[in-house]
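Working notes, structure below.
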Amino acid sequence: MMASITGVPAPAGTARPAARQTVTKSPPSSGLRLPRVGTSVALTVAVLASSAPALLPRPAVTQALSTGVSMAIALAVAWSARWALRTHRHSRFRAQAWAAGVGTMIALGAVYSNVMWQNTLRLAMGSPTVDWRYAIDVVGGASCVALALWGIGLGALKLCNALGVARSIGLIVIVGVLSYAVAVPALWSAMSSSFAASNSALDETVTAPVAQTRSGSPNSLVPWRTLGREGRKFVSGGLDPRAARIYVGLDSAPTLEQRVNMAVADMERAEAFARDVVVVAIPTGSGWVDENAVTGAEHAFGGSVATVAVQYSNKPSWATFLFAEDDARRSADAVVDAIAARAATEATPPKIVVYGQSLGSVAGSDAYLTHRNTNPLICGAVWAGPPAGAVNTEGATVLANSSDPVVRWSAQLLWSAPSPVTTRHDAPTPMWLPLVSFVQTSIDLAAALDVDAGHGHRYGTDQGTSMPRCR
């Protein structure tokens, strides 16, 4: 008798042909696990996008964070696509190897190209160049960031799987509600307190002025301690004692009307209306007025100029722009209106120029357009670094650096290239890419002030020297 191949005895008196045993050979394994083709492609695209030319030079830390976050997002997108399409099969080892190898070469080339672009920008802006160590820092830092975020994501996914769909959704809702109702207000309150304390803190290196033409001086109607951090810097600067500098801080009076009246009264005390020109400077959110602009104006008008500013916020411009833009507009309108009305009572009234940088230009442009047609003394305006699409530039002189992310950033940057008509070329400008340019410009906003005057969101004395000579 013959036993079958399965080990079951064959019936007596029968014979079975021997069965063929088919052996399926598995592909040789090298012991090396490579990422799927889709994962390699996603990571390569992420490195290419994050290494695209930017407007401003970046520290290695910033570039590493940008690239690492982009890589983590790419990993999440690749995983989500596989889950949605239910494609869990691995590609052939050869295809994976080709995708990983080619992707690595392309990514390294993108990093090298980014270093070259960084040095091009740095040479144009007079900054020190970087070398191969910059690339190593970027690659190492980006890898650590991507792995850390991917690990956090896996941990969150495992937690959601353990809790189940219903409990996971409930947990997300609870965290969201608590964040909105408790965490965000508490954080904003803490930030507001910090901004107020910083505004009131006295800097011992800044001394009170003694000239009668300055607010905060012994005979001034505005006490030195109430001017705020930026106001004290403003009135203590300058080299021409003939030029008047009037500033009213947020702590100088409790209401906008009182602050405006105090500014006009202190201008009268300092004989500011006897000057040829009065510059109404609309501060940024923190109360800052660019010293370069004021110095330029005092040089242009030979000292026969008075610059006046009224603080409307002690928070940074981004916070004021998002949550208190109306306060800036109301303040600018009230100040321009009151000073123009008072100037008109002079036998020989001064001409009035409105100036604003960044958020100051947003608030000042509305006031300028509202009052210039009703009061002929308002003869010109200068806007420096106006946010894209937020300022009406009609009849005004506009100073906008091509490397300034503030003048380029807007939602339209997602799908259309910015207009170069109102910008002046100060450094190489990157080519516009859909979505990528928006992301890169958004990152550059954080470093817009970390450059010298004439680049980024920094402007020079030409803010003042370009003010119109009104007749």
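The values are calculated or read from the model by the stated rules, or taken from the named source; none is laboratory data. Since we're looking at a predicted model, the values are computed, not measured. Here the Cβ positions follow ideal geometry from the backbone for every residue, glycine too, while neighbour counts run over all protein chains shown. In case anyone asks, the SASA skips ligands and DNA or RNA and just uses the protein heavy atoms, side chains included. Shrake-Rupley method; radii C 1.70, N 1.55, O 1.52, S 1.80 Å.
Looking only at the stretch 75-96, count how many residues are of a type outside the set (A, V, I, L, M), crowded, with 16+ Cβ neighbours inside 10 Å and in contact (Cβ under 8 Å) with a residue 60 or more places away in the chain. Steps first, answer last, please.
Of all residues in the stretch 75-96, those of a type outside the set (A, V, I, L, M) come to 79-80, 82-83, 86-94, 96.
Okay, now just the ones that are also crowded, with 16+ Cβ neighbours inside 10 Å, so 79, 91, 96.
Checking which are in contact (Cβ under 8 Å) with a residue 60 or more places away in the chain leaves us with 96.
Here the count works out to 1.
Here's a check for you: in the stretch 241-264, which residue that is open to solvent by 30 Å² or more (accessible area, probe 1.4 Å) and in contact (Cβ under 8 Å) with a residue 12 or more places away in the chain is nearest to ALA338 (Cα to Cα)?
In this case the residue turns out to be ASN261.
Give the residues of the stretch 438-465 that are among the polar types (S, T, N, Q), over 15 Å from SER403 (Cα atoms) and in contact with a Leu (Cβ under 7 Å, 6 or more places away or on another chain), sorted by residue number.
GLN463
Evaluate the stretch 129-136: report whether one residue or more is in a loop (DSSP other than H, G, I, E, B) and under 26 Å from the mean Cα position of the chain (by Cα).
Yes.
Please give the helices (runs of 4 or more DSSP H) falling wholly within the stretch 290-368 in which 3 or more residues are modelled with pLDDT of 95 or more and open to solvent by 30 Å² or more (accessible area, probe 1.4 Å).
The qualifying helices (runs of 4 or more DSSP H) are 291-300, 325-343.
Residues of the stretch 102-146 being touching a Gly at 6+ places or on another chain (Cβ under 8 Å) and open to solvent by 40 Å² or more (accessible area, probe 1.4 Å), which ones?
SER143, CYS144
Can you spot a residue in the stretch 439-456 that is touching a Ser or Thr at 6+ places or on another chain (Cβ under 6 Å), part of a helix (DSSP H, G or I) and touching a residue at least 12 places away in the same chain (Cβ under 8 Å)?
Checked the stretch 439-456: at least one residue is touching a Ser or Thr at 6+ places or on another chain (Cβ under 6 Å), part of a helix (DSSP H, G or I) and touching a residue at least 12 places away in the same chain (Cβ under 8 Å).
How many of the residues in the stretch 415-438 are crowded, with 20+ Cβ neighbours inside 10 Å and assigned to a loop (DSSP other than H, G, I, E, B)?
The number of residues fulfilling the criteria is 2.
Quick check: is even one residue across the stretch 91-108 assigned to a helix (DSSP H, G or I) and charged (D, E, K, R)?
Keep residues of the stretch 91-108 that are assigned to a helix (DSSP H, G or I), which gives 93-108.
If we keep only those that are charged (D, E, K, R) as well, we get 94.
Yes.
From the list ALA99, ALA72, pick out the single residue that is open to solvent by less than 30 Å² (accessible area, probe 1.4 Å), within 21 Å of ILE443 (Cα to Cα) and in contact (Cβ under 8 Å) with a residue 60 or more places away in the chain.
Selected residue: ALA72, the only one of ALA99, ALA72 that is open to solvent by less than 30 Å² (accessible area, probe 1.4 Å), within 21 Å of ILE443 (Cα to Cα) and in contact (Cβ under 8 Å) with a residue 60 or more places away in the chain.
Could you tell me whether any residue of the stretch 448-471 is farther than 30 Å from PHE301 by Cα, surrounded by 16 or more Cβ atoms within 10 Å (Cβ to Cβ) and touching a Lys or Arg at 6+ places or on another chain (Cβ under 7 Å)?
The answer is no; no qualifying residue exists.
Out of the residues in the stretch 231-240 that are in a helix (DSSP H, G or I) and open to solvent by less than 20 Å² (accessible area, probe 1.4 Å), state the one that is nearest to ASP203 (Cα to Cα). It would help to see each step written out before you state the result.
Here is the first cut: in the stretch 231-240, the residues in a helix (DSSP H, G or I) are 231-236.
Filter once more, so that each one left must be open to solvent by less than 20 Å² (accessible area, probe 1.4 Å): 231-232, 234-235.
Details: GLY231: 12, ARG232: 9, PHE234: 13, VAL235: 14 Å.
Result: ARG232.
If you check ASP337, ASP333, ASP327, which single one turns out to be within 11 Å of GLY285 (Cα to Cα) and acidic (Asp, Glu)?
ASP327
Quick one: would you say TYR134 is under 30 Å from PRO428 (Cβ atoms) and hydroxyl-bearing (Ser, Thr, Tyr)?
Yes: the conditions hold for TYR134.
Only one of ALA211, ALA197 is at pLDDT below 80 and either assigned to a helix (DSSP H, G or I) or of a type in the set (Gly, Ala, Ser) (or both). Can you tell me which?
Unique residue meeting the criteria: ALA197.
Within 13 Å of THR465 (Cβ to Cβ), under 27 Å from the mean Cα position of the chain (by Cα) and among the hydrophobic types (A, V, I, L, M, F, W, C) - does that describe any residue in the stretch 298-315? Lay out the reasoning, then the answer.
Narrowing the stretch 298-315 to residues within 13 Å of THR465 (Cβ to Cβ): 298-302, 305.
If we keep only those that are under 27 Å from the mean Cα position of the chain (by Cα) as well, we get none.
So far as the stretch 298-315 goes, no, none of its residues is within 13 Å of THR465 (Cβ to Cβ), under 27 Å from the mean Cα position of the chain (by Cα) and among the hydrophobic types (A, V, I, L, M, F, W, C).
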